[in-house]
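A short write-up of the structure that comes next.
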Amino acid sequence: MNSCIIPIAKIRAGVRFTGLLITTSFLIISTNASLAQTDVSSASANIDTNSPSALKELSLEQLMNMDVTSVTREPEPYKEAPASIDLITSDEIGRSGASSIPEALRLADNLDVAQKNSHDWAISARGFNTSLANKLLVLVDGRTVYTPLFAGVYWDQQDYILADIDHIEVISGPGGTLWGANAVNGVINITTKSAEYTQGLYVDGGGGSWLRDFGGARYGGVLASNVYYRIYGKYSGYGSEVLPNGNSANDSWNMGQGGFRIDDVPLSPNAYTLQGDFNAGHENVTTGGRANVFDYNLLGRWTHTLSDDSDMQLQAYFYRTHLTDPIPASFSATTPPILLAPTGTLIDDLTTFDLDFQHRLHLGARNNFVWGAGYRRTAESDQSDSGLAFNPPTLDQNLYSFFVQDQIKLLENLHLTFGTKVEHNDYTGFEEEPSGRLQWDVTKNQMAWVAVSRAVRMPSRVDEAENERVTTPPFNAIIPSILVGNSNFVSETLIAFEAGYRAQLGQKVSSSVSVFYNLYNDIRSAQASPPPAPLGFPFIFENNLKGETYGTELAGDYQILNWWRLHAGYDLLKENIYVKSGQTDINAAHNETADPQQQVFFRSSMDLPANVQFDTSLRWIDSITLNSGAALETIPSYFELDARLGWQVTKNIEVAVVGQNLLHAQHQEYGYPSSASTENIVRSGYGEVTCRF
Amino acid sequence: MPVLNASSARHWLARLTLAVAILFVGRQMTCAQENISTEYKFKAVFMFHFAQFVDWPTNAFSSAQSPLVIGVLGDDPFDDFLDATVHGENVNGHPLVVERYHDLASVKDCQILFISASEESQLGRVLAGLKGKTILTVSDIDSFPENGGIIGFATIQNKIHFRINTDAARDAGLTFSSKLLRLADIVTPKAK
């Protein structure tokens, strides 16, 4: 039944599905209580301590975490967060030569980042990195960036002036207790700097081969006493990748983004933030046509400090996204092929309003308690004249959530954190996401932890309402649909067992290791309709898969000399997903995983004389078994190398040359619907000039 | 949103090349401060932050535009890193400047005074002489806040902490931001 698999493959090719349903709101719990403890203490690694301006970029909290005895060091949060966390600092992003957020995410050892084509990436932690990857939660300054249409993140629409990103926190493993549904395999928190720390003028620009031209500017100033603002805008134009036959993939694209942020940090217990951004992009699609995206958001946050160990926060945001996406024609897998639906367009409009409250307090000397509540309303409309439609075309939904978490000091060096989140969504009703974590501070510089968590991936519009239609008469009279969603689709669940250890070994070496064993249930499958449905059409999404994954994540840093730092990372992932006994899946449980079993990362950062920085990053990614086509195929393993040479010409001006994917003229990182038609990523380079005043 | 095509991209590159050429010609060397310890570099930046998180009464300044002076009393451990840190900065319209004083008698109108370890032997006399002035006193002399100073640096496990004597701050007429207080250890001097 080859044709059975084609439909799903086709949807993938048509729409730029990437990612994950994110359905909940809790974030920024990063004060002292929780998993997200790293926010506060995210001192940048590799700070140039000779530069007053670099040091002034640090917040007081960060300064207090800097070790006065070492010139550069890893950020401190290591000791304190009992989870597998990789913190990407502003400085690391700058030195990596990344031109976009998805490229910067290659700095996280605990992620699999695969570039699909010029404008699309597949990004996941601990597996399930299909083109419909949906088990990773992503937040930008507390705003969840996902489309509940496909449960995924459009990475091509997430942008910022990279220099104004404070840090990116990448947690692999579940975070449902704090962040809610879809924080199943991991959470990515992208945090921009407070306007207080982006004062003055910043201008950058440049161009090259794939990243053809780009430019950005930010200005930060003071509105009133203790009220800071910044405004910014940036533009990036990217060229096309190539097809395996050497032809251009015709997937060039461009994107612009602008926005502002105001931070009021008065001499009182109250602090306020107001920020907003807009993003617009035009993307040529290999299969024909052009996707247009436009979105904007406005977010306000009020933080009230009650005492040294108690604070509360109220946050509200409004987020609107628009997507016009060309959907290619669909054909049957017969010989000759029959046109099932001509090319058309899917127009998705999503409006999200989100309200979020949290309160942290100490109860007695031993309990660090945090609780919160949230409400989200989404209104989504999907208008289509193509083979890919949604039924119903519009959907309004409410999501209510509540969480509690307590961190108990059992002994001076032993902390137990447990809590749960309860959510109510309109698809599946109540969902619970409890977790327990035990943290043992072995010594001042070593920490071990174990954790057990439950997390859920809520249904998306695809799971529940997708309708892959046949529109060509007379076939549509016989088979109106090829694949349809299922209103009885339930949440996918995970029970995760994790353990980890981190150590700062002397001044120069730090390392971390984590292991995990994940038990999944009710993973998405598809099955044929029972007779008398002709040929089993339409296929219907079900929850007929279960399975387990296990693996490890290792990372280490070595400051060889005060001007030379090395980093190494390694991931191992084993996946065993299967069809539940007595049930069926037309893709034989292959459709959810397209993951490298192993990844290896090496990075070198050098501070050379005359204010020159030289950074190189080598990665080896294991082969990927492609599950989305008619037959299983393999994308071979590969080595790739990125390098950046930067020169701080004067106090105000820096020039840099960046090379990306230098080892091969072109290589494949991902691949769908088949290795023969998937795009190759080309070797590229660009130059950049940055001015700060 | 400007949409640049290939030819305008080449244009961009040409302009970029020109800009880089100009930069090379006009290049200036910046001399990094290598000869003072990391600890004092951090402390200089802490003082820069203090200037922003503390409110002085308006009568602490002679005018709305008059400078916010950070004084260093005694041997200067910052070299010119403190000057470089505050260069071009201002707080609420008051430009930040650094002045150095050899002894208490030469201390003029300043808003922040860093009292160097060289003054430890005569700390009591110095603090007594500053009594009643709206000056934020800062030092890394041991037990500085306990002895009537306002902010004391303490280096604990290689990290810089700061301790605030809130009573002394109130006596000096200074208001601290909650953020600063949250991060500080609050010191209550022993009754004398």
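Nothing in this text is a laboratory measurement; each read-out follows from the coordinates by a stated rule. Please read all numbers here as calculations on a predicted model, not as lab measurements. Positions of Cβ are generated from backbone atoms using ideal geometry, with glycine treated the same way; all protein chains shown enter the neighbour counts.
Summary table
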item: Stokes-Einstein D in µm²/s, Kirkwood radius over Cα pairs - the range A:538-693 at 20 °C with 1.002 mPa s viscosity; result: 113
item: 20 °C / 1.002 mPa s Stokes-Einstein diffusion coefficient of the range A:257-361, Kirkwood radius on C-alpha pairs, µm²/s; result: 122
item: Computed over the range A:489-579, the ratio Rg/Rh where both radii use C-alpha atoms and Rh is Kirkwood; result: 1.31
item: Cα lying deepest toward the dipole's positive end in the range A:390-487, options A:F418, A:M458, A:V470, charges on Cβ; result: A:F418
item: Tensor-based shape of the range A:129-269 (alpha-carbon gyration tensor, a/c under 1.5 rounded, otherwise prolate or oblate); result: oblate
item: Cα-based radius of gyration of the range B:57-119 once divided by 2.2 N^0.38 Å, which approximates compact folds; result: 1.12
item: Compactness index (Cα Rg / 2.2 N^0.38 Å), the range A:648-688; result: 1.78
item: Shielding of A:52-64 by partner chains, average beta-carbon count, 10 Å; result: 6
item: Straight-distance crosslink candidates among aspartates and glutamates, where the alpha carbon sits under 18 Å from A:K421 and sequence neighbours closer than 8 are dropped; result: A:D354, A:D356, A:D406, A:E431, A:E432, A:E433, A:E492
item: Nearest-0.05 FRET efficiency for A:F614 and A:H362, computed from C-beta distance (R0 41 Å); result: 0.30
item: GluC sites (Glu not before Pro) lying in DSSP loop within the range B:85-192, provided at most 16 other Cβ fall within 10 Å; result: B:E146
item: Cα pair distances exceeding 12 angstrom across the range A:631-672, given as percent; result: 70
item: Estimated translational D of the range A:203-281 in µm²/s (Stokes, Kirkwood radius over Cα pairs; 25 °C; 0.890 mPa s); result: 162
item: Alpha-carbon radius of gyration plus Dmax, which is the widest Cα pair, for the range A:346-443 in Å; result: 20.1, 64
item: Three semi-axes of the equivalent ellipsoid, the range B:80-192, Cα gyration tensor, whole Å, largest first; result: 21, 18, 16
item: Inverse mean reciprocal Cα-Cα distance (Kirkwood Rh) of the range A:407-503, Å; result: 17.1
item: Cα gyration tensor shape of the range A:191-239, rounded if a/c is under 1.5, else prolate or oblate by comparing a/b with b/c; result: prolate
item: Cα gyration tensor, the range B:27-139 - rounded (a/c under 1.5), prolate or oblate; result: oblate
item: Kirkwood Rh in Å, taken over all unlike Cα pairs in the range A:73-188; result: 14.5
item: Cα centroid of the range A:242-270 to Cα centroid of the range B:124-144, whole Å; result: 50
item: 222 nm mean residue ellipticity, helices alone, for chain A (DSSP H n ≥ 4; -39,500 (n - 2.57); rounded to 500); result: -1500 deg cm²/dmol
item: Check: the range A:530-651 dipole with +1 on Lys, Arg Cβ and -1 on Asp, Glu Cβ, in debye; result: 280
item: Of B:C110, B:G173, B:F153, farthest towards positive along the dipole that unit charges on Lys, Arg, Asp, Glu beta carbons give the range B:84-192; result: B:G173
item: Rg/Rg_ref, the range A:527-622, where Rg_ref = 2.2 N^0.38 Å and atoms are Cα; result: 1.87
item: Mean projected area (nm²) of the alpha-carbon convex hull when the range A:354-395 is viewed from all directions; result: 4.6
item: Using distinct alpha-carbon pairs, which all enter the 1/r mean, Kirkwood radius of the protein assembly as shown in Å; result: 28.7
